Amino acid sequence: MPEKVDKSKSRARRADRLQHELLVAYRTVDGFITDWAVNISRGGIFINTRNPLAVGTTVRLIISLPDTAFPFDLSGKVMRVNEFDNPSNQVPGMGIEFVDVDEEKRARIERFVERLRKELPDMAMNDPKKS
């Protein structure tokens, strides 16, 4: 699982991230791939993968939240990549920021993240109260 991010080494996050595994599908040139998102916030996710897409790539995501009956799709943009077997031993994968999210989907994600925050308070990442 990812460790707390050192804010001196990266740009400030717009939303706190919570560690939680979620199954996510996304489209590549070869079709849809299913991987695990290992943390989520109202603004994006980090997908654990050995084959991340390039920074700047726009992706279509299909996410299934436990409190929703059906998966829903979102658009995102790859903002950060950790290559597999990187020298700093970071979890391999890609950080994706959600883009063009309608209010209904954003509200679902916010409710899910808020519920996780209440159920798993010790799992909160980048929470200034815990630093």
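Every number in this text was worked out from the coordinates using simple rules, so none of it is lab data. Keep in mind that what you see is a predicted model, and the values were worked out from it rather than measured. Cβ placement follows ideal geometry from the backbone for every residue including glycine, while neighbour counts extend to all protein chains displayed.
Charge tally around Pro92: other residues with Cβ under 9 Å, Lys/Arg +1 each, Asp/Glu -1 each, net -1. Under a 5 Å amide H cut-off, with hydrogens placed 1.01 Å from N, Thr49 pairs with Gly93, Met94 among residues at least 5 apart or on other chains. Taking θ as phi - 60° and the Karplus parameters 6.51, -1.76 and 1.60, the scalar couplings of the range 31-37 work out to x, 8, 10, 10, 9, 9, 7 Hz in sequence order, x denoting glycine and proline. Taking amide H as placed 1.01 Å from N in the peptide plane, Asn39 has its amide H under 5 Å from the amide H of His20, Phe46, each at least 5 places away in sequence or on another chain. For Met79, the residues whose modelled amide H falls within less than 5 Å of its own, excluding neighbours fewer than 5 places apart on the same chain, are Gly56, Gly95, Ile96, Glu97. With the simple spin-label model, which puts each label point 7 Å out from Cα in the Cβ direction, the Ala107 to Arg50 separation comes to 4.2 nm.
Strictly greater than 16 Å: what percent of every Cα pair in the range 17-122 meets that? So the portion of pairs separated by more than 16 Å is 56 percent.
3J(HN,Hα) along the range 75-83: 9, x, 10, 5, 10, 8, 10, 10, 5 Hz, from the Karplus curve 6.51 cos²θ - 1.76 cosθ + 1.60 with θ = phi - 60°, whole Hz, x for Gly and Pro.
Computed from point charges on the beta carbon alone (+1 for Lys and Arg, -1 for Asp and Glu), the dipole magnitude for the range 17-122 about its Cα centre is near 120 Debye.
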